[in-house]
Amino acid sequence: GENVGLHLPTLSVQEGDNSIINCAYSNSASDYFIWYKQESGKGPQFIIDIRSNMDKRQGQRVTVLLNKTVKHLSLQIAATQPGDSAVYFCATSAYGNKLVFGAGTILRVKS
Amino acid sequence: GAGVSQSPSNKVTEKGKDVELRCDPISGHTALYWYRQRLGQGLEFLIYFQGNSAPDKSGLPSDRFSAERTGESVSTLTIQRTQQEDSAVYLCASSLIAGSGNTIYFGEGSWLTVV
């Protein structure tokens, strides 16, 4: 079946450093990829997305990289801040079907 | 509305009782999704609706779970004869249409505790 997983369940970074969260997916038909941030007690919040015809997309302090050859997705957060502490999920979909979520990575920012 | 609205935000129920969870999607969004999230875990797909098409029910874990949606508006998720294993956050999401590139927005969830 379809599987989306994360390499690191917990990531601790120093405030001001850059963070990189990784995600592997198994469905080669996946054509849309999203990163969500979930703070404690809240629903997932959209961060950034990318389609399969791109390999990089930048937002404000965030960059998503897509490597379709190895089915790998990463989220880079520049100058990580305490407010970035949360659980980060990658999710994929194929042909407009349901989003499949990874297990999540906890990002802890140390001041 | 401005965002996806879910109710109740918290529900404690006795084992064996039925519960109904409600979702109001963002106005104009034709696609609506339900996910379940157990404590400390990822999101598990349950069901999604796209307009008047037949819903994708492939994620419903048992026949105790059902969902309805009238047109492109409110949806209710019903869990019959609740079990302790049903304790979780039930998240609703909506998007303009189902399809790649259409951002999916989540509500804050309904926290269900079965005692």
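A few remarks follow.
- B:LEU46 vs. criteria touching a residue at least 12 places away in the same chain (Cβ under 8 Å) and outside any strand (DSSP E or B): no
- Output for segment A:69-110, where each listed residue is within 14 Å of another protein chain (Cβ to nearest Cβ) and either touching an Asp or Glu at 6+ places or on another chain (Cβ under 6 Å) or part of a loop (DSSP other than H, G, I, E, B) (or both): A:ALA86, A:ALA94, A:TYR95, A:GLY96, A:ASN97, A:LYS98, A:LEU99, A:VAL100, A:GLY102, A:ALA103, A:GLY104
- Filtered residues of segment A:65-84 (kept if under 16 Å from A:SER111 (Cα atoms) and surrounded by fewer than 18 Cβ atoms within 10 Å (Cβ to Cβ)): A:ALA78, A:ALA79, A:GLN81, A:PRO82, A:GLY83
- In segment B:23-39, residue modelled with the highest pLDDT [restricted to those that are surrounded by fewer than 16 Cβ atoms within 10 Å (Cβ to Cβ) and under 15 Å from B:ALA88 (Cα atoms)]: B:ARG38
- Taking segment B:1-42 as the range and being away from chain A (no Cβ under 14 Å), part of a strand (DSSP E or B) and of a type in the set (Ser, Thr, Tyr) as the test, only B:THR13 passes.
- Residues of segment A:52-102 that turn out to be in contact with a strand residue (DSSP E or B) (Cβ under 6 Å, 6 or more places away or on another chain), in contact (Cβ under 8 Å) with a residue 12 or more places away in the chain and under 17 Å from A:TYR25 (Cβ atoms), as a count: 18
- When residues of segment B:49-83 are limited to those that are in contact (Cβ under 8 Å) with a residue 24 or more places away in the chain, assigned to a strand (DSSP E or B) and over 18 Å from B:ILE104 (Cβ atoms), the one least open to solvent (accessible area, probe 1.4 Å): B:ILE79
- Filter result (open to solvent by 50 Å² or more (accessible area, probe 1.4 Å) and within 24 Å of A:ARG61 (Cβ to Cβ)) within segment A:15-27: A:GLU15, A:ASP17, A:ASN18, A:ILE20
- Residue within segment B:90-107 that is away from every other protein chain (no Cβ under 12 Å) and open to solvent by 40 Å² or more (accessible area, probe 1.4 Å) present: no
- Residue within segment A:28-51 that is under 12 Å from the mean Cα position of the chain (by Cα), away from chain B (no Cβ under 14 Å) and buried (at least 16 other Cβ atoms within 10 Å of the Cβ) present: no
- Lone unmet requirement of (1) on the phi > 0 side of the Ramachandran plot; (2) modelled with pLDDT under 95; (3) not aromatic (Phe, Trp, Tyr) for B:GLY42: (1)
The values are calculated or read from the model by the stated rules, or taken from the named source; none is laboratory data. Remember, it's a predicted structure, so these values are computed and weren't measured experimentally. Every residue, glycine among them, receives a Cβ derived from its backbone with ideal geometry; neighbour counts consider all protein chains shown. For accessibility, only protein heavy atoms count, side chains too; no ligands or nucleic acids. Shrake-Rupley method; radii C 1.70, N 1.55, O 1.52, S 1.80 Å.
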